[in-house]
Amino acid sequence: MFETRTLPSDLESIRDEYAPSALVLNVSGDFDTIPPEAAENLGLVVDSLSPAAYPAEWLPDDVPKALRRYASSDFTVGMPGDGTVTWTWQTTPPVVLVKYRAKGTPDDFLDFLIAEALVQAGTDDIPEHFLPFFGEQYRDLEAAMPLGPSETYQVAAALYEGWVGLQTREEFASWDGRYDRLHDAWVDAGERLDDRLANLPRLVALGRLSFPEATEFACSAIKHERDLPAPFAALDTAAYLDHGPTYAVKWAEKTFEQLAEGQDARDTDE
């Protein structure tokens, strides 16, 4: 199920610089979460497995089953929303996993996604998922938003991605003149987001994009250093980088208070 991926020379250099011990593996099947019995096959290609577990008290009563399993002692690799490439520290050495769906991804962009995963896997203070990022404050985030469990999950995953992007984007920018192919893929992917970012508030107001979808899109743009519209621009700040989950919860509270006030004003006008 897992096969070592041959890397081009610039990706090899990225690995040597950021995560020299990491393995990059192709996965023969597609997945959001690899079944535990299949994930344990990683033991054939790594030195050891160390399944993570988190306190059940961090979770609200009503959460997606995948998140409850992730918090348990089950060996859980990959989660919904991870994208085409994911990584884990639950193995020694850490592994970067390229999903089967990657076969349809342009080569330069796919290599950037692998490089991004190597940067994240090699940064000690980046947890591999939003649950250890939010910790016990995940309950506070859920309480701050009038959303269902799946939508709360989607917003939390997006906010985590935005925070990670604030940490990693300086590295991507530094590749200009060193890893030009990967730097150009980073720039090109960001430029492709601009038109939709400009129309994001309008799409939400028209009901063509949900708030979780808009948050996901805006937070994915943070790592590309794009200009974000309100209320998402408040996430592209040093304060968010410094205060992480506490700031994210306050942002969610304030944002939904403003949305409720706007709705009340519209109802009054009608």
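The values are calculated or read from the model by the stated rules, or taken from the named source; none is laboratory data. Worth saying up front: this structure is predicted, and the values here are computed from it rather than measured. Methodologically, a virtual Cβ is constructed for each residue, glycine included, from the backbone with ideal geometry; neighbour enumeration extends over all protein chains shown. Just so you know, the surface numbers come from the protein's heavy atoms only, side chains and all, with ligands and any DNA or RNA stripped out. Shrake-Rupley method; radii C 1.70, N 1.55, O 1.52, S 1.80 Å.
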* Rg and Dmax of the range 4-138, Cα atoms, in Å? -> 14.9, 48
* Asked: What is the Rg over Rh value, at two decimals, for the chain, using alpha-carbon atoms and the Kirkwood definition of Rh?
  -> 0.97
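Leaving out ligands, DNA and RNA, what percent of the accessible area of the chain is carbon and sulfur, probe 1.4 Å? Walk me through the numbers on the way to the answer.
On the way: 6030 of 12910 Å².
Here it works out to 47 percent.
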* Using a Förster distance of 30 Å, how high is the FRET efficiency between Ala53 and Glu17, based on the Cβ-Cβ distance and rounded to 0.05? -> 0.45
* To do: Please give the solvent-accessible surface of Met145 in Å², to the nearest 10, using a probe radius of 1.4 Å with every protein chain present.
  => 10 Å²
* To do: Using a cut-off of 14 Å between beta-carbons, work out the net charge of the residues near Thr86 (Lys and Arg +1, Asp and Glu -1, Thr86 not included).
  => -3
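Using only C-alpha positions, report the orientation-averaged shadow area of the convex hull of the range 145-269, nm², one decimal.
Values: hull surface 32.8 nm².
So the mean shadow area of the Cα hull is 8.2 nm².
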* Could you give the dipole magnitude of the chain about its Cα centre, charging the beta-carbon of Lys and Arg +1 and that of Asp and Glu -1, in debye to the nearest 20? -> 460 debye
* Asked: 222 nm [θ] for the chain, helices only, -39500 (n - 2.57) per DSSP H run of 4+, per residue, to 500?
  -> -16000 deg cm²/dmol
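Over the chain, with the other protein chains present, what is the accessible area per residue in square angstrom, probe 1.4 angstrom?
Details: 12910 Å² over 270 residues.
Solvent-accessible surface per residue comes out at 48 Å².
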* Just how much of Arg15 is accessible, in Å², when a 1.4 Å probe is used and the result is rounded to the nearest 10? -> 40 Å²
